[in-house]
Amino acid sequence: MAKKTLSDKAITKITEGLAHYLSDTFILYVKTLNFHWNMVGNQFYMFHKLLEEQYRELAEAIDDLAERIRHLGHIAPGSMAEFLELGCLKETKSQRNLAWEMMIGDLVALHFELVEQGHHLIKVCDAANDQGTSDLLIERIRFHAKQAWLLRSHLE
């Protein structure tokens with residue numbers, strides 16, 4: 001068995017933060033999938049492809065985040081009820097008559113929200129000397145910042 005390098009208190013704080021981050025990532029995943037399926041208009045094909053790339057990457061990230069929580073010895077949330085309870089991002093109640101600009105604007109805001117959450121959680125990890133989780137979050141921040149930029153460029 002590997003030597004434990006983090007305190008139980010630090011691990012609990014980090015895994016609680018990761019559970020929230022995982023939940024919001026899952027909510028963004030579902031919303032991206034929803035918009036991928038329901039986008040209409042002359043921008044359809046381009047966004048269909050872009051959003052497919054994004055939801056596939058988000059699915060991998062969800063697995064990485066859940067595995068990190070398990071690696072730290074805690075149970076990862078895994079139900080829609082848990083994700084919606086733990087997450088602060090909101091579902092799209094209806095996709096009917098939603099213009100592509102609204103869909104893309106919504107996704108941009110959510111990617112930026114995950115960038116901000118990632119910065120906050122990195123501070124918690126750094127205070128506990130958990131470079132492994134910080135590294136994972138740095139990767140997530142880079143992804144979300146890039147996706148926000150790619151999507152936002154269509155709105156300018």
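For the reader, a short list of remarks on this structure follows.
- Positions within segment 1-37 being surrounded by fewer than 14 Cβ atoms within 10 Å (Cβ to Cβ) and in contact (Cβ under 8 Å) with a residue 60 or more places away in the chain, in sequence order: Thr5, Ser7
- Given (1) in contact (Cβ under 8 Å) with a residue 40 or more places away in the chain; (2) within 23 Å of Glu139 (Cα to Cα); (3) over 16 Å from the mean Cα position of the chain (by Cα), number of the condition Lys49 does not satisfy: (1)
- Lys90, sole failed condition from (1) under 18 Å from the mean Cα position of the chain (by Cα); (2) surrounded by fewer than 13 Cβ atoms within 10 Å (Cβ to Cβ); (3) assigned to a helix (DSSP H, G or I): (3)
- Any hit, segment 56-70, residues being modelled with pLDDT of 95 or more, within 20 Å of Leu136 (Cβ to Cβ), in a helix (DSSP H, G or I) and over 15 Å from the mean Cα position of the chain (by Cα): yes
- Meets criteria (within 18 Å of Leu18 (Cβ to Cβ), surrounded by 20 or more Cβ atoms within 10 Å (Cβ to Cβ) and either in contact with a Leu (Cβ under 8 Å, 6 or more places away or on another chain) or free of Cβ contacts under 8 Å to residues at least 60 places away in the same chain (or both)) for Ile122: yes
- Residue within segment 54-65 that is without any contact (Cβ under 8 Å) to a residue 40 or more places away in the chain, loosely packed, with under 13 Cβ neighbours inside 10 Å and within 22 Å of Ser134 (Cβ to Cβ) present: yes
- Tally, over segment 66-80, of residues that are among the small types (Gly, Ala, Ser), loosely packed, with under 14 Cβ neighbours inside 10 Å and without any contact (Cβ under 8 Å) to a residue 60 or more places away in the chain: 2
- Going through (1) within 18 Å of Val30 (Cβ to Cβ); (2) buried (at least 18 other Cβ atoms within 10 Å of the Cβ) one by one, Leu98 falls short only on (2).
The values are calculated or read from the model by the stated rules, or taken from the named source; none is laboratory data. Since the structure is predicted, the reported quantities are computational estimates derived from the model, not experimental observations. Virtual Cβ from ideal backbone geometry, glycine too; neighbours counted across all protein chains shown.
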